[in-house]
Amino acid sequence: MNTENQAWDLVIEPKSKWYDLRLQEIFRYKDLLLLFVRRDFVSVYKQTILGPLWFFIQPIITALTFTVIFGNLANISTDGLPQILFYLCGITLWNYFSDTLTKTSETFTANANIFGKVYFPRMIVPLSVVVSNLIKLGVQFLLFIAIWIYYLLKGNTIHPNAALLLVPFLIILMGFLGLAFGIIISSLTTKYRDLKFLVVFGVQLMMYASPIVYPLSTVPEKYKWLIVANPVTSIIETFKYAFLGVGEFQWTYLAYSTIFTLVLFLIGLVIFHRVEKSFMDTV
């Protein structure tokens, strides 16, 4: 039988170089990616009473809580903007980042049973989280737009501008930043299980180190560099500036976040690709 022209499902090859990430395989398994996206979306809300309505309820409750605690009790400035709109603007994009980071950080430990039975590019799983979270982001973004239009028609001090053109880029950047952090943490937790207990705390701490509940303008000058060093800061500030007309939008800040994300994502890919070859021995 002539086997030279047969298309094999799996080819066993010698040990690859660290830079050979085989990203082309992800395109070949695009149908599997869509199946994982459907699984992620359905499994979370399948046995809940309110189902996808939680997409709306969660940001509303969070924004109202921030309004009471930080706006009314702590009396933190919102740069003269309606408090509910200010908080919802930051929460909308932050939720996408935090959900992506948290879920992708469990890639190896949560999917060990699947990974041990059949081969497919492991990167498909964290990528499916990024895509499925886009659906949630889309719903919450519509909620934000509805409230934004309401205050815009009321004649509040809201000044949308040309930076709105950057919104798709900001969403992509935030998704890849969450993915980059997530796959690095997921790779490390195969050996150091303690990290998974620090993820929730770390994400919460990172939120308060980002201009979500306060504007960057209220941060004392001597501490501002610490907040700006957080790559999430410029993304959130640019998002606020685009829709609300407030915030410190600077190209240098956004360039820093972009470069940081790209470098971290490449590092994450290399670590993830290296760990996926032997993680079954440690998980």
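Quick note: the coordinates plus some simple rules give every number you see, no bench work behind them. It should be emphasised that the depicted structure is a prediction, and the values quoted were computed from it without experimental measurement. Quick reminder, even Gly has a Cβ in these numbers, built from the backbone with ideal geometry, and neighbours come from all protein chains shown.
Quick notes on this structure:
- Computed about the Cα centre, the dipole magnitude for the chain is approximately 320 debye when only Lys and Arg (+1) and Asp and Glu (-1) carry charge, each at its Cβ.
- Distance histogram in 10 Å bins (all Cα pairs of the stretch 61-155, percent per bin): 14, 33, 25, 16, 9, 2
- Counting every other Cβ atom within 10 Å of each residue's Cβ, Asp40, Asp31 order from fewest to most as Asp31, Asp40.
- Note: relative contact order over the stretch 83-231, using C-alpha pairs below 8 Å and six or more positions apart, is 41 percent.
- Solvent-free Debye calculation, one equal scatterer per alpha-carbon of the stretch 124-204: log10 I(q)/I(0) at 0.20, 0.24 Å⁻¹ equals -1.01, -1.19.
- With contacts taken as Cα pairs under 8 Å at a separation of at least 6 residues, the chain carries a relative contact order of 25 percent.
- The distance between label points at Asn75 and Arg274 comes to 5.3 nm (points 7 Å beyond Cα on the Cα→Cβ vector).
- Relative to the longest principal axis of the Cα atoms of the chain, the long axis of helix 83-104 lies at roughly 10 degrees.
- Equivalent ellipsoid semi-axes - Cα gyration tensor, the stretch 218-271, angstrom: 23, 14, 8
- Quarter the surface of the alpha carbon convex hull of the stretch 155-283 and you get the mean projected area, 9.3 square nanometres.
- Averaging 1/r over every pair of different alpha carbons in the chain and inverting the result gives a Kirkwood radius of 20.6 Å.
- The order of the peptides 162-168, 211-217 by mean Cβ neighbours within 10 Å, most packed first, is 211-217, 162-168.
- With respect to the chain, whose longest principal axis is taken over its alpha-carbon atoms, helix 251-275 is tilted by about 30°.
- Unit charges at the beta carbon, dipole of the chain: most positive-side option, Val131, Asn113, Thr258: Asn113
- Degrees, to the nearest 10: 30-45 long Cα axis against longest axis of the chain: 50 degrees
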